[in-house]
1. Counting only helical runs of four or more DSSP H residues, what would the 222 nm mean residue ellipticity of the chain come to if each run contributes -39,500 (n - 2.57) and the total is spread over all its residues?
2. Bin by bin, in steps of 5 Å, what percent of the Cα pairs in region 352-418 do you find, going until the bin that has the longest distance?
3. How much of the accessible area of region 1-83, probe 1.4 Å, is carbon plus sulfur, in whole percent?
4. Would you work out if region 140-259 is rounded, prolate or oblate? Take a ≥ b ≥ c from the square roots of the eigenvalues of the alpha-carbon gyration tensor; rounded if a/c is under 1.5, else prolate when a/b is larger than b/c, oblate otherwise.
5. Tell me, what is the per residue accessible area of the chain in Å², probe radius 1.4 Å?
6. Say each of H210 and N385 gets a label point 7 Å from the Cα, pointing the same way as Cα to Cβ; how far apart are those two points in nm?
7. Would you please put 207-219, 330-342, 303-315 in order of how densely packed they are, using the mean number of other Cβ atoms within 10 angstrom per residue and starting with the highest?
8. How much FRET efficiency would the formula 1/(1 + (r/R0)^6) give for R118 and F238, where r is the Cβ-Cβ distance and R0 is 35 Å, rounded to 0.05?
Amino acid sequence: MAAPLSLLLVVAVTIRAALNRSSLAELIAERVEVVSPITAWKRVIEGLALLDLGVSPYSGDVFHETPLIIYLFHFLVDYAEITFMLADVITAVALYEAMKDFNKQVFRRQKFYLEAERYPADCLELIRSPTEMFYIPLKVAMFYLLNPFTILSCVAKSTCGLNNAVLSLFVLTTIKGNVLLSAIFLCLATYQSIYPLTLCAPAMLYLMQHQYVPVNPRRAAFWWFVVQYLFMYLGSLFVIVCLSFFLLGSWDFLPSVYGFILSVPDLTPNIGLFWYFFAEMFEHFRLFFLCVFQINVFFYTVPLCIKLKDQPVFLIFMQLAVISIFKSYPTVGDTALYLAFLPVWSHLHRFLRNIFLVSCVLLACSALFPVLWHLWIYAGSANSNFYYAITLLFNVAQILLVSDYFYAFLRREHHLTAGLYLKKKDGSEATLVLK
């Protein structure tokens, strides 16, 4: 598999390098679907200019990335293109290695269940074969590297690519069972954008299972592990925040980065749900609906953890999708990360209900984003309602996609327990209804 992966990396880097040298690079860097007020490269450049003048980059309302990002590019600004291409390569290789390890675990578990005869006889066709699973890691890397969303983000030099690299390393270290590195990379992801905080629960669930710690709140071992992981996670976060303070000499970055993410003051159009709603909102209702919208990202964590406590990798996929859909300043780069996991769940296709419709809607929305933007901003023959309508449709399609995979996953798990062909007491065929 090393040769196909190497070829894939070469092709992906070549495509990015060619686009970086083309006249399209500047156009892509201005697209509101690709960059946000937080991740835009031109804002990083302006922050660097302020830093070089001895002025805090957070003194105005321009730069909203974290201090570590600006100090990273203070040294690498001349190698920005290489840095972002390297970030994509790191993400792809990390996901490749993570899924290779995950496949081994799935295969061992299947083998144990088959030998213990825990599967009903009529559901053996649902068992995943080694041949089917062999190419999944390569497909995951391909889905990420050759996804147009990822390519556009890299060419635009969106810092979302760096966030994805950190998240992929978190997934890799978690699946490898390294508790300390998992906590550190999750801490870095949280430091960048707050929302990955919700990945703490699936990480702990996976690591508990990996170390044979009972996932039972009544057991002391459960709470001891939770305390250990949270200590490493919060301790790392404390160190990074203090390091940021020492680099800047002030706490200005806290309201400029995290306050900006949570309060959503910049209503520049993007592919998210916030901008249009709050642009039309009466000011005295703003705080209430801001809390409602922000809670969405965190609200689903507890019920999903309860339902998927035995399948933490699928739970990580679900949480990444929820973050991508409901965060305040999303870009297509966020969407690309969780879409890369779809080949891992290819065995669920027989149970998906709306995959063709959702795929068509996502493709149509991706094509219509620039069209409706042009009609609104340049031609003047449309207004913001048109662009928000396609944004809303794009997010509804994502929600349908994720919920469809969730349904398919639960249905397959049920069949693996109760059998594939369900019968009523009178012998007639039964219909499965998930509530």
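The values are calculated or read from the model by the stated rules, or taken from the named source; none is laboratory data. It should be emphasised that the depicted structure is a prediction, and the values quoted were computed from it without experimental measurement. No Cβ is skipped: glycine too gets one built from the backbone with ideal geometry, and neighbour counts run over all protein chains shown. Side chains are part of the model used for accessible areas, which takes the heavy atoms of the whole protein and leaves out ligands, DNA and RNA. Shrake-Rupley method; radii C 1.70, N 1.55, O 1.52, S 1.80 Å.
1. About -21500 deg cm²/dmol.
2. Reading upward from the zero bin: 4, 18, 20, 16, 12, 10, 8, 5, 4, 2, 2, 0.
3. Values: 2800 of 4170 Å².
Carbon with sulfur: 67 percent of the solvent-accessible area.
4. Verdict is oblate for region 140-259.
5. Per-residue accessible area for the chain comes out at 47 Å².
6. That separation, rounded to one decimal, is 5.1 nm.
7. Ranking the peptides 207-219, 330-342, 303-315 by packing returns 330-342, 303-315, 207-219.
8. After rounding, the FRET efficiency stands at 0.20.
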